[in-house]
1. In segment 3-25, which residue that is away from the ligand (no atom under 16 Å from the Cβ) and farther than 28 Å from residue 135 by Cβ is surrounded by the fewest Cβ atoms within 10 Å (Cβ to Cβ)?
2. Out of all the residues in segment 5-30, which are out of contact with any strand residue (DSSP E or B) (no Cβ under 7 Å at 6 or more places or on another chain) and closer than 19 Å to residue 104 by Cβ?
3. If I filter segment 73-102 down to residues being more than 21 Å from residue 62 (Cα to Cα) and within 16 Å of the ligand (Cβ to nearest atom), which single residue comes out as surrounded by the fewest Cβ atoms within 10 Å (Cβ to Cβ)?
4. Of all residues in segment 40-67, which are surrounded by 14 or more Cβ atoms within 10 Å (Cβ to Cβ), part of a loop (DSSP other than H, G, I, E, B) and without any contact (Cβ under 8 Å) to a residue 60 or more places away in the chain?
5. So which residues in segment 30-39 are surrounded by 12 or more Cβ atoms within 10 Å (Cβ to Cβ) and part of a helix (DSSP H, G or I), if there are any at all?
6. Sort out which residues of segment 51-84 are under 16 Å from residue 99 (Cα atoms) and touching a strand residue (DSSP E or B) at 6+ places or on another chain (Cβ under 9 Å), and write them in order of number.
7. Filter segment 111-142 down to residues that are away from the ligand (no atom under 12 Å from the Cβ) and either touching a residue at least 12 places away in the same chain (Cβ under 8 Å) or in contact with a strand residue (DSSP E or B) (Cβ under 7 Å, 6 or more places away or on another chain) (or both), then give me how many there are.
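Just so you know, all these numbers are worked out from the coordinates, no wet-lab data involved. If you're wondering where the values come from, they're calculated on a predicted model, not measured in any experiment. For neighbour counting, all protein chains shown are included, and Cβ atoms are generated from backbone atoms with ideal geometry for every residue, glycine included.
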Ligand SMILES: Cc1cc2nc3c(=O)[nH]c(=O)nc-3n(C[C@H](O)[C@H](O)[C@H](O)COP(=O)(O)O)c2cc1C
């Protein structure tokens, strides 16, 4: 088992999947539980996760995002913010910021948990939120913020470059 630092370093966006190898329900359950383990504003967990296995729906999401890896991966995880859930306690800041932050953290934890399960993942972010909501028949209050492909990798991606610490950190 990798330690935390190894797990983080082994996470790379995987855009090729073993299409014929499904994710076992136990593995998926383990990944979903890790999403809930993340921090959230007021511990409200103002998000909703939609697990898409249906091939026709994945093909539609592929069309909406322009990312073929969504069809290739056996699971697409649509991570939605639930702005009104956060707004009930935090007003406008909850509605416009905290819910999206909660959902983003959940998505990140999912990507890291996927590594721990031997899975790969990739984030698709370029989509029309209303079109995705309509495709999945989601309540109007939910805001899709990320669609994650999940599956067993069919490639070992090269690490991508990172900015230097000195360019992103200021010490005061
Ligand atoms: C908000 C966000 C949106 C993204 N949207 C896409 C996308 O639409 N398509 C894609 O292939 N990758 C997308 N990515 C993945 C990034 O391209 C990727 O994380 C980045 O290039 C670093 O590579 P790595 O994930 O392998 O470390 C997105 C990532 C984030 C956080």
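1. Step one: of segment 3-25, the residues away from the ligand (no atom under 16 Å from the Cβ) are 3-4, 18-25.
Applying the additional criterion that residues be farther than 28 Å from residue 135 by Cβ yields 3-4.
On the way: 3: 7, 4: 9.
My answer is 3.
2. Hits for segment 5-30 are 7, 8, 11, 12.
3. 97
4. Of everything in segment 40-67, those that are surrounded by 14 or more Cβ atoms within 10 Å (Cβ to Cβ), part of a loop (DSSP other than H, G, I, E, B) and without any contact (Cβ under 8 Å) to a residue 60 or more places away in the chain turn out to be 44, 46.
5. Residues of segment 30-39 that are surrounded by 12 or more Cβ atoms within 10 Å (Cβ to Cβ), as a first pass: 30-32, 34-36, 38.
If the condition is that a residue be surrounded by 12 or more Cβ atoms within 10 Å (Cβ to Cβ) and part of a helix (DSSP H, G or I), then 30, 31, 32, 34, 35, 36 are the ones that fit.
6. Of segment 51-84, the ones under 16 Å from residue 99 (Cα atoms) are 78-84.
Once the filter is applied, which keeps residues that are under 16 Å from residue 99 (Cα atoms) and touching a strand residue (DSSP E or B) at 6+ places or on another chain (Cβ under 9 Å), segment 51-84 yields 78, 79, 80, 81, 82, 83.
7. The initial filter retains those residues of segment 111-142 that are away from the ligand (no atom under 12 Å from the Cβ), namely 113, 116-119, 128-142.
Those left that are additionally either touching a residue at least 12 places away in the same chain (Cβ under 8 Å) or in contact with a strand residue (DSSP E or B) (Cβ under 7 Å, 6 or more places away or on another chain) (or both): 113, 116-119, 128-129, 131-133, 135-136, 138, 141-142.
Matching residues across segment 111-142 total 15.
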